[in-house]
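Asks: One structure, pasted below without further comment.
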Amino acid sequence: MQTTFGLVNLWEQGDAVTRLVVVLLLMMSLASWTVIAVKAIGVLRVKRLASRAESFWHSTDLAQGLASLGPTRDNPFRSLAEEGRDATAHHSNTRAQLHDTLDISDWVTRCLRNAVDDNVARLQSGLAVLASVGSTAPFVGLFGTVWGIYHALMGISASGQASIDKVSGPIGEALIMTALGLAVAIPAVLGYNALVRGNKSVVGKLNRFAHDLHAYFVTGARVKMAGAGLATPSPSASA
């Protein structure tokens, strides 16, 4: 009678520990691919929003500039502009508070930095899942291999047959667990690295935009860029 080998036979012949390892690897793979898909879409969306940042500086006033940045929901560039506007108005309209010891430049810097940090934290959320999967999945697969080999050797010992065809099938199936662990870990590592690079690009754009906003709300004009003139500010930065 011909013996069948493969994943199906590994599942059918495996014990509870073997099946638990397979299920765990499948769950880790599903989690990593979900994070990769969701975060990649998010990075692409923020990059599209970043392309609107330059149009902000060609607006006639702050209200029009905010509208040019796009929707409010999950828009880090608009949230930065609104945070700078609110910080400027708050500093101008309040007195006898602790922040009055800060000048307008320090206060706006602090508020914009907090906004940037919050947006960076949102961009990086979920990456810990990919890092964890990428670092642990190979060891989970290796554990499954070791346990599968032990289980196979016990079965061979109980049957009393140690021919090559009896040994190679179960041992080969156990080694599949290592391959499964690598198949789960490699996409997670590659996805993590790609998302980190994408986030780094977005964070750079956010920092540059925040720097320009700081100059605008403090001095009323954007920092002069190389080869470009100053953007036209609105009559009042806190409008």
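The values are calculated or read from the model by the stated rules, or taken from the named source; none is laboratory data. Here the structure is a predicted model, which is why all the values come from computation and not from measurement. Note: ideal-geometry Cβ built from the backbone for every residue, glycine included; neighbour counts use all protein chains shown.
Asks: Can you tell me which of A210, A183, A188, A179 is modelled with pLDDT of 70 or more, within 26 Å of F143 (Cβ to Cβ), crowded, with 19+ Cβ neighbours inside 10 Å and not charged (D, E, K, R)?
Replies: It is A188.
Asks: Could you tell me whether segment 12-28 includes any residue that is within 17 Å of the chain's Cα centre (by Cα) and not hydrophobic (A, V, I, L, M, F, W, C)?
Replies: no
Asks: Considering only residues that are among the charged types (D, E, K, R) and at pLDDT below 80, look in segment 1-39 and name the one that is surrounded by the most Cβ atoms within 10 Å (Cβ to Cβ).
Replies: Among those residues, the one meeting the criterion is D15.
Asks: While we're on this one: Considering only residues of segment 40-59 that are crowded, with 16+ Cβ neighbours inside 10 Å and among the aliphatic types (A, V, I, L, M), which is modelled with the lowest pLDDT?
Replies: Checked segment 40-59; the qualifying residue modelled with the lowest pLDDT is A53.
Asks: Out of the residues in segment 144-176 that are hydroxyl-bearing (S, T, Y) and surrounded by fewer than 19 Cβ atoms within 10 Å (Cβ to Cβ), which is modelled with the lowest pLDDT?
Replies: Out of the qualifying residues, it is S163.
Asks: Could you check segment 49-64 and list, in sequence order, the residues that are within 17 Å of K200 (Cβ to Cβ) and either without any contact (Cβ under 8 Å) to a residue 60 or more places away in the chain or among the charged types (D, E, K, R) (or both)?
Replies: L49 - this is the single residue of segment 49-64 that is within 17 Å of K200 (Cβ to Cβ) and either without any contact (Cβ under 8 Å) to a residue 60 or more places away in the chain or among the charged types (D, E, K, R) (or both).
Asks: Under 8 Å by Cβ, and 6 or more places apart or on different chains, what pairs join a residue from segment 65-82 that is closer than 15 Å to N207 by Cα and modelled with pLDDT of 75 or more with one that is small (G, A, S) and not in a helix (DSSP H, G or I)?
Replies: Filtered contacts from segment 65-82: F77/G70; R78/G70.
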